[in-house]
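Asker: Structure provided below as structure tokens; questions to follow.
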Amino acid sequence: MAGQRPAPPGPSGAHFLRDPRLIARLAERSGAGPGSLVLDLGAGYGAITAALAGTGARVIAIERDPRLAARLRRRFAAEPGVRVAETDLRTVPWPGREFLVVANPPFAGTTALARRLLGDPAVPLAGAELILAWGAAQWLAAGRPRDEETAWWAARYQIRLIGRVAAASFAPPPATDAAHLSIRPRPLNALPGGPRALRGLLRAAWRDRSRPVELSLPSGLRGGRSADALRGAVRAAIGTRTPAAELTADQWHEIAILLTGTRSPAAAPRSPATPPRPTSSPRSSARPTGTPSRSAAARRSGAGPLGAAPRPPAVQPSGARPTAAASRPPAASPPLADSQRSGARSPDTPPQSAAARRPADQSPATPPRRGTGPRLPASRWDRDPRPPPARRPHQATRARTAPPRTAPPGEPRRSTFLDKRSLIKTR
């Protein structure tokens, strides 16, 4: 109603999810089924617990409030696969086997819950579907971790922001919208020594967040691997001189995989910034499109391109020594049109440049090399190596630059003025 005060927060500051379609989507995305162990942290009135029990999974509903815990026991008394634990999610012991988490925990305990679930490598978390505050979900799902702790979480778990949840989906509604967050473990958690290698790398790299990460790699490696080969593989994966503050969660995971030795440094992906080396010279492989190649025998015999008639041999007079000019056949001129013979040009024909008017078999004239062409007449400065004499300044210029002359005593003073053409003196 208008003017009515909003409903007070629930027990322990919780906001209970009441959207049935969203609850069914959470249970479906979790993959819970017969034989699965699922934890509902902050079960409240049991809306998520009932959806998980319908999948046939074994559900443990954790609720700290005594009244809500008693209500949950009465509601699921006939469900053999549901167990209610009256305890705090910040101190509850985790199961010894793999388990899933599908929950809408109190927004005030998001950081404590993330540290308990994602901080300890011994926790056998198989996946989680969580409803968190919008700001906290953006912080956890950021592409670049902002500190060492979030890098430790994001490098071992793939954290994805699925979508926004409106505040009207809760009772009572929170002040801001919420978000659906999905968490899945990465392959690094299953590798022997993977979390330990990642922990040592993060401690060394975040000691100086502006230092390149390849300088923080350990010097001693197992399996006879070279430290230089590992640094080269890391540079190929993340780039050269990349500081810790600019690495993404996927890149931290890739470096930790390389440290464990599971993937050989030689098999690391090559950096896209390094262009491949050319296998041949560009000049040797350059050929105009459509020009057929000629073999060495065809070039020696003087045969033209494919489909062209061979050139006839030049006839030498008897007793004459063959020369290079006589052995070369004259270039055949292409037939000219009537307009070209008369020198006239059709009005519909556009003007042609010198390169277009030149026959195809005639190459443009190249300037002779230095010292081989005809000697040009030397100028006056080439004959005389001395610099040219300095030009005498104009009379008007001398008058402007010369010091003023004083008239002798008893002689009238002269006034001097200048124009653009000559110097005029008047008494």
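Asker: Show the residue pairs meeting these rules: Cβ distance below 8 Å; 6+ apart or different chains; first residue within the range 250-271 and of a type in the set (D, E, K, R); second residue in a helix (DSSP H, G or I) and at pLDDT below 90.
Answerer: Hits for this filter: GLU254/ALA237; GLU254/ILE238; ARG270/ALA236.
Asker: Moving on. Among the numbered criteria (1) outside the structural domain of ALA136 (by TED's automatic domain parsing); (2) modelled with pLDDT of 95 or more; (3) of a type outside the set (Asp, Glu), which single criterion is violated by ILE60?
Answerer: For ILE60, the failing item is (1).
Residues are listed down the side, and each one gets a yes or a no for (1) buried (at least 21 other Cβ atoms within 10 Å of the Cβ); (2) at pLDDT below 90; (3) not in a loop (DSSP other than H, G, I, E, B):
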site: ARG146; (1), (2), (3): no, no, no
site: LEU188; (1), (2), (3): yes, no, yes
site: LEU201; (1), (2), (3): yes, no, yes
site: SER219; (1), (2), (3): no, yes, no
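Asker: On the basis of being touching a residue at least 24 places away in the same chain (Cβ under 8 Å) and either more than 17 Å from LEU130 (Cα to Cα) or small (Gly, Ala, Ser) (or both), does PRO66 make the cut?
Answerer: no
Asker: Run ALA85 past the list (1) free of Cβ contacts under 8 Å to residues at least 40 places away in the same chain; (2) under 20 Å from LEU132 (Cα atoms) and report the number of the one that doesn't hold.
Answerer: Unmet condition: (2).
Asker: Consider the range 151-173. How many of its residues are touching a helix residue (DSSP H, G or I) at 6+ places or on another chain (Cβ under 7 Å) and either in contact (Cβ under 8 Å) with a residue 60 or more places away in the chain or surrounded by fewer than 21 Cβ atoms within 10 Å (Cβ to Cβ) (or both)?
Answerer: Final tally of qualifying residues: 11.
Asker: So, ARG25, is that one assigned to a helix (DSSP H, G or I), within 17 Å of SER169 (Cβ to Cβ) and either within 41 Å of the chain's Cα centre (by Cα) or at pLDDT 95 or above (or both) or not?
Answerer: Considered against the rule, which asks whether it is assigned to a helix (DSSP H, G or I), within 17 Å of SER169 (Cβ to Cβ) and either within 41 Å of the chain's Cα centre (by Cα) or at pLDDT 95 or above (or both), ARG25 comes out as yes.
Asker: Test GLU98 against the criterion of being in contact with a strand residue (DSSP E or B) (Cβ under 7 Å, 6 or more places away or on another chain) and of a type outside the set (A, V, I, L, M, F, W, C), and give yes or no.
Answerer: Spelling it out, GLU98 is indeed in contact with a strand residue (DSSP E or B) (Cβ under 7 Å, 6 or more places away or on another chain) and of a type outside the set (A, V, I, L, M, F, W, C).
Asker: Which ones in the range 150-208 are among the small types (Gly, Ala, Ser) and more than 28 Å from the chain's Cα centre (by Cα)?
Answerer: Within the range 150-208, ALA166, ALA167, ALA168, SER169, ALA171, ALA175, ALA178, ALA179, ALA190, GLY193 meet the criteria.
Asker: On to the next question. From ALA77, ALA69, which residue is in contact with an Asp or Glu (Cβ under 8 Å, 6 or more places away or on another chain) and either assigned to a strand (DSSP E or B) or farther than 30 Å from ARG156 by Cβ (or both)?
Answerer: ALA69 is the lone residue from the list that is in contact with an Asp or Glu (Cβ under 8 Å, 6 or more places away or on another chain) and either assigned to a strand (DSSP E or B) or farther than 30 Å from ARG156 by Cβ (or both).
The values are calculated or read from the model by the stated rules, or taken from the named source; none is laboratory data. All figures in this text were calculated on a predicted structure; none of them were measured in a lab. Note that we place each Cβ from the backbone using ideal geometry, even for glycine, and neighbour counts take in every protein chain shown.
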